[in-house]
Amino acid sequence: MAFSACYVCPRLPASGRVESLGLEVEPALARNLNVVVDLFGELYCVVSEKQCLEYIDNVIHTTSSLVLFIDCPADNLLSTLRQRKYPPTLLAVPLVEDEDSEMLNLINLGAADVVAKSLFESTRLRGLIAQARRSAATFNNPTTKWIGAHTTRKEGVTQEEMFIEAFFKDMFLNYSISDFSSLSSSSPESVFDDIDSDKKEYFRRIIGDWDFPAHQLSDDDLANCAYYIFEHAFTMPEVKSFILPLDQLKKLICVLRKSYQPVNPYHNFRHVVDVLQATFCFLLFMDVIPPTPSLTTTTSATATTTSTTASAHHQHSFSHLLGPVDALALLVTAIGHDVGHPGVTNSFLISARSPLARIYSDRSVLESFHCAAFSQILSKYWPSVRRERAINDIIVESILATDMAVHGEYMHKISVTMKDIAQNGGKILESDCGTNKRLLCACLIKCADISNVARRLDISTHWGTVLTEEFKSMATLEHRLGLKPLPPSSASSTATTPQSEIFALAKGQLFFINTFAFPLFEAISEVVPEMRYAAEQIMKNKIVWDQKVAEFANDEK
């Protein structure tokens, strides 16, 4: 099966297949048809809604994806397509005069994209091929469904919320955020209740271990680890008003699990629980939350020392700025910080001119989307947290901080803060506490998000390998769409060797450590000495990667 294209326009002389660029129509229409033929190889034209529906019925099950260009008022046709519940391999694309003013409404009606007639060109449409490929892959993989039913427009729902619903339905096979009826094989009972006492004790033990073995755990195991982290957090009396009944907590974790795509090598549920567990460890070692009953003390000597002497650092540490409610807010942020991640970067979405990039004006695209989608999930499954302004402020600011494009801004903020404290004789002014707390929360989530390079080397190596795999998949897709050439390492016809792969991984790890991770962890260690252990582990890993690069260079001589 292949991709197909259909063009709906009453101004066409007749319906039929177009395989050449010589159709005699008005110049603007001819230009549009030529662009589609050039991109897809051929095109089927129809002059009416009735003919359009007949054509869709004939081909929808014999083509991988069908892109439907609607060069006429699209509202009625989109509504009809939605009522007929065609599979998500049908991508409807209205052509409009002003895409900014019409995009949100049309996408809410089911459009996959909205294109201004003045911008109708092949480079502008390549993002549709990406959506077509993803829709075909998702439709043929029933494990990647979202949770819920079809979305209907409701009074009081914002334009952005409607867009998020529409985007999720495109990504997760026409499922939205509206109910819990689709969990089937991942019901809370099968995930949490059908395990023995030894395994429960194992989960309670490893959630406090910095050497957290995420890659040795199944998704069910990871869900249980998340459950025990929140169960422990609920023991703090100060968070009593936000505690979820345990059956609802289990339901929420299952919902969140379904919101992460298992086809992503890196940005999946495993990554999110790893970030949650790293955040939990930070808070344990900072003495912000009480130690777990079976807290592991074999992680590293440094981590153990900082964990047991945290209170001694409080007069010099930012850790005293955080309270139990802040700790809960950070744990909530961690488990929702990548909701709905599509497995590509902001740069990819912007280059492909995706609707998601345009709705957020090309700024922190994914992070803004994660915030909006996660907020909708919390509104339904954890409303007491969603209603608390202080918690929401931490969630939003901290998720937005995970955009590496703003990494330099946060490093500058830390530097300025450290200088201010030094000028005040090492003390934090009362007037600065609120600002410093928000900065600390954002930086803790940033650290947790990239903490894979601060884990024990074998664990860190596994994370680096799957991240490389995700980047390679994206690079291949960018090449197919004509967005970028393949990187030299991918384009080369020379077969890779285990040694060359290790060399490439080592170079990537060193670049990330030197450019982002170590400067961040080192700076945070200055204001939170209890996190020094993580910076030291990064340096241990760096020494090994430096040796790998040197060994490869010697072998090449």
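The values are calculated or read from the model by the stated rules, or taken from the named source; none is laboratory data. Bear in mind the structure is a predicted one, so any value in this text is a computation, not a measurement. Virtual Cβ from ideal backbone geometry, glycine too; neighbours counted across all protein chains shown. Ligands, DNA and RNA are stripped out before the accessible areas are found, and what is left, the full protein with its side chains, is counted by its heavy atoms. Shrake-Rupley method; radii C 1.70, N 1.55, O 1.52, S 1.80 Å.
With the alpha-carbon atoms of region 498-557 aligned to their principal axes, the span from lowest to highest coordinate is 44, 17, 15 Å, starting with the largest. A Cβ-based charge dipole, computed about the Cα centre of region 308-462 with Lys and Arg at +1 and Asp and Glu at -1, lands at about 180 debye. Filter the trypsin sites (Lys or Arg not before Pro) in region 35-89 down to the DSSP loop ones having no more than 15 other Cβ atoms within 10 Å, then list what survives. Those that pass, being in a loop and sparsely packed, are Lys85.
For region 398-503, the Kirkwood hydrodynamic radius from C-alpha pairs, put into Stokes-Einstein at 20 °C and a viscosity of 1.002 mPa s, yields a diffusion coefficient of 123 µm² per second. Residues whose amide H lies under 5 Å from that of Leu91, counting only those 5 or more places away or on a different chain, are Leu66, Val67, Leu68; hydrogens are built 1.01 Å from N in the peptide plane. Summarising the amide proton neighbourhood of Ala116: residues at separation of 5 or more, or on other chains, whose placed amide H is nearer than 5 Å comprise Val96, Glu99.
Cross-link partners of Lys199 among lysines, defined as those whose alpha carbon lies under 21 angstrom from its own and excluding same-chain residues fewer than eight positions apart: Lys250, Lys251.
Put a dot 7 Å past the Cα of Asp198, heading toward its Cβ, do the same for Glu397, and the two dots end up 4.7 nm apart. When nucleic acids and ligands are ignored and a 1.4 Å probe is applied, Asp458 ends up with an accessible area of around 90 Å². All Cα-Cα separations within region 324-432 were binned at 10 Å from zero, giving a P(r) of 13, 35, 31, 17, 4, 0, each value a whole percent of the pairs. Summing +1 for each Lys or Arg and -1 for each Asp or Glu among the other residues whose beta-carbon sits under 14 angstrom from that of Ser319 gives -2.
For region 1-78, the C-alpha radius of gyration sits at 1.03 times the compact-globule guess of 2.2 N^0.38 Å, with N the residue count.
Could you put Lys200, Lys484 in order of accessible surface area, largest first, with the 1.4 Å probe and the full protein assembly present? Don't skip to the answer; put the middle values down first.
Details: Lys200 60, Lys484 90 Å².
Largest accessible area first, the residues go Lys484, Lys200.
Excluding same-chain neighbours fewer than eight residues apart, no aspartates and glutamates are reachable from Lys427 by a Cα-Cα span under 12 Å.
Largest first, the extents of the alpha carbon coordinates of region 217-292 on the three principal axes equal 39, 27, 16 Å.
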